[in-house]
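Chemist: Supplied in structure tokens, the structure appears directly below.
The values are calculated or read from the model by the stated rules, or taken from the named source; none is laboratory data. This is a predicted model, so every value here is computed, not measured. Backbone-built Cβ (ideal geometry, glycine too); neighbour counts: all protein chains shown.
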Amino acid sequence: MTALLSVKDLQVTFDTHRGPVHAVRGVSFDLGRERLGIVGESGSGKSQTGRALLRLSAGNGRITADRMEFDGIDLMKASERDMRKIRGARISMIMQDPRYSLNPVVKVGDQITEAFLIHSKATKREARERAMEMLATVQIREPEKVYEMYPHQVSGGMGQRVMIAMMLIPNPDIIIADEPTSALDVTVQMQVLALLDDMVRDRGMGLILISHDLNLVASFCDRVLVMYAGQVMEVIEAGNLHDAQHPYTKGLLSCVPELQHPQDMLPVLKRDANWLTPLGDAND
């Protein structure tokens, strides 16, 4: 597999009044033209890992890595000007809830058009036509009507499709999808995932899917990174996720309710301090 993105010993630390908080601790992985899932509890560092790839951590955050390379570009050494050319155009990020990602006072069509104009030399007319095509691609009926709507006028599922259209219109090489279906009902979830799957397969992109849903990741992704307290506990083929050997992954799976085997009470996940590698020894 040829890697689009290569990450080695990624660290994200936040300076707080109580001292440094190590949100990501020594994460390493390669991403090809595949679907890579990142799972773990809230606070495990999943989203911070995704944001760090685009150098979008908060102002009090510090990102370090032995290597963070995309298509031959050293993302750690790239200037902010170069990063602006990469964000959106070559690596796009779909946020969790479109209600907080779309500008409420700008029509959704204009927001998609803007995403295209920023990363191309197209005219406004060409950008509008391209936006209409993308709305149709993400299976929105009556794209001309939806183009003129404001974010509050579209449903959650439609808003997420608009977000996907906005992120896909520059035709990126990598999509980072941070809980893209958590705010949607099950039927719409499957439609959005099928859409992302089509995009990855038809356009040959790499996808990083950040999720809490182990069953979803097991059925949708090719490989899975399991994170706990900022570190990777296990990397496993998605189809083998339910046969995972690490006690943390097994604990997560045991906490998922099953309709076929109902339990009076789900087990409590037990954690072990020995799972974590001491800081500074991530590569030892």
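Chemist: Which one of the conditions (1) over 19 Å from the mean Cα position of the chain (by Cα); (2) hydroxyl-bearing (Ser, Thr, Tyr); (3) surrounded by 19 or more Cβ atoms within 10 Å (Cβ to Cβ) does THR64 fail to meet, given that it meets all the rest?
Modeler: Checking THR64 against (1) over 19 Å from the mean Cα position of the chain (by Cα); (2) hydroxyl-bearing (Ser, Thr, Tyr); (3) surrounded by 19 or more Cβ atoms within 10 Å (Cβ to Cβ), the one that fails is (3).
Chemist: Quick one: in the stretch 180-195, of everything that is under 18 Å from SER219 (Cβ atoms) and either touching a residue at least 40 places away in the same chain (Cβ under 8 Å) or not in a helix (DSSP H, G or I) (or both), which residue is nearest to the chain's Cα centre (by Cα)?
Modeler: Here the answer is PRO180.
Chemist: If the requirement is being touching an Asp or Glu at 6+ places or on another chain (Cβ under 9 Å) and surrounded by fewer than 18 Cβ atoms within 10 Å (Cβ to Cβ), which of these qualifies: ARG141, ARG84, ARG90, ARG125?
Modeler: Selected residue: ARG90, the only one of ARG141, ARG84, ARG90, ARG125 that is touching an Asp or Glu at 6+ places or on another chain (Cβ under 9 Å) and surrounded by fewer than 18 Cβ atoms within 10 Å (Cβ to Cβ).
Chemist: Right, next: Would you pick out the residues in the stretch 143-179 that are part of a helix (DSSP H, G or I) and not hydrophobic (A, V, I, L, M, F, W, C)?
Modeler: Listed by number, the residues that qualify are PRO143, GLU144, LYS145, TYR147, PRO151, HIS152, GLN153, GLY156, GLY157, GLY159, GLN160, ARG161.
Chemist: Going residue by residue through the stretch 144-162, is there one that turns out to be in contact with a strand residue (DSSP E or B) (Cβ under 6 Å, 6 or more places away or on another chain), in contact (Cβ under 8 Å) with a residue 12 or more places away in the chain, surrounded by fewer than 23 Cβ atoms within 10 Å (Cβ to Cβ) and among the aliphatic types (A, V, I, L, M)?
Modeler: No, the stretch 144-162 contains no residue that is in contact with a strand residue (DSSP E or B) (Cβ under 6 Å, 6 or more places away or on another chain), in contact (Cβ under 8 Å) with a residue 12 or more places away in the chain, surrounded by fewer than 23 Cβ atoms within 10 Å (Cβ to Cβ) and among the aliphatic types (A, V, I, L, M).
Chemist: Among the candidates GLY43, GLY50, GLY37, single out the residue that is of a type outside the set (S, T, N, Q), under 19 Å from the mean Cα position of the chain (by Cα), modelled with pLDDT under 95 and under 30 Å from LEU269 (Cα atoms).
Modeler: It is GLY43.
Chemist: Quick test for you: out of LYS85, LYS121, pick the one residue that is charged (D, E, K, R) and part of a helix (DSSP H, G or I).
Modeler: LYS85
Chemist: If you don't mind, there's one more thing I want to ask. Can you work out which of the residues in the stretch 128-138 that are farther than 20 Å from GLN191 by Cα and out of contact with any Ser or Thr (no Cβ under 6 Å at 6 or more places or on another chain) is surrounded by the fewest Cβ atoms within 10 Å (Cβ to Cβ)?
Modeler: Per the criteria, the residue is GLU129.
Chemist: Here are some conditions: (1) in contact with a helix residue (DSSP H, G or I) (Cβ under 9 Å, 6 or more places away or on another chain); (2) over 23 Å from PHE70 (Cβ atoms). VAL186 meets all but one. Which one does it not meet?
Modeler: Result: VAL186 fails condition (1) only.
Chemist: Same structure again: What's the total number of residues in the stretch 10-39 that are crowded, with 16+ Cβ neighbours inside 10 Å, among the charged types (D, E, K, R) and not in a loop (DSSP other than H, G, I, E, B)?
Modeler: Residues meeting the conditions: 3.
Chemist: A follow-up question, please. Mind checking whether some residue in the stretch 61-74 is part of a loop (DSSP other than H, G, I, E, B), farther than 30 Å from ALA194 by Cα and at pLDDT 95 or above?
Modeler: Among the residues of the stretch 61-74, at least one is part of a loop (DSSP other than H, G, I, E, B), farther than 30 Å from ALA194 by Cα and at pLDDT 95 or above, which makes the answer yes.
Chemist: List pairs: first in the stretch 41-61 and on the phi > 0 side of the Ramachandran plot, second buried (at least 21 other Cβ atoms within 10 Å of the Cβ), Cβ under 6 Å, 6+ apart or cross-chain?
Modeler: Short answer, once both residue conditions are applied: GLY45/ALA23; GLY45/VAL24; GLY45/MET227; GLY45/GLY230.
Chemist: Name every residue in the stretch 12-34 that is under 17 Å from the mean Cα position of the chain (by Cα) and small (Gly, Ala, Ser), in order of residue number.
Modeler: ALA23, SER28, GLY32
Chemist: Considering only the stretch 239-268, how many residues are outside any helix (DSSP H, G or I), without any contact (Cβ under 8 Å) to a residue 40 or more places away in the chain and either more than 19 Å from ARG25 (Cα to Cα) or basic (Lys, Arg) (or both)?
Modeler: Adding up the residues that qualify gives 15.
Chemist: Still on this structure, I have one more. Tell me, please, whether a residue that is within 20 Å of LEU209 (Cα to Cα) and in a helix (DSSP H, G or I) can be found in the stretch 223-238.
Modeler: yes
Chemist: Taking the residues in the stretch 93-106 that are surrounded by fewer than 19 Cβ atoms within 10 Å (Cβ to Cβ) and not in a loop (DSSP other than H, G, I, E, B) as candidates, determine which candidate is modelled with the lowest pLDDT.
Modeler: Here the residue is ARG99.
Chemist: Taking the condition exposed (fewer than 11 other Cβ atoms within 10 Å of the Cβ), among the β-branched types (Val, Ile, Thr) and either within 16 Å of VAL217 (Cβ to Cβ) or modelled with pLDDT of 80 or more (or both), does VAL268 pass?
Modeler: yes
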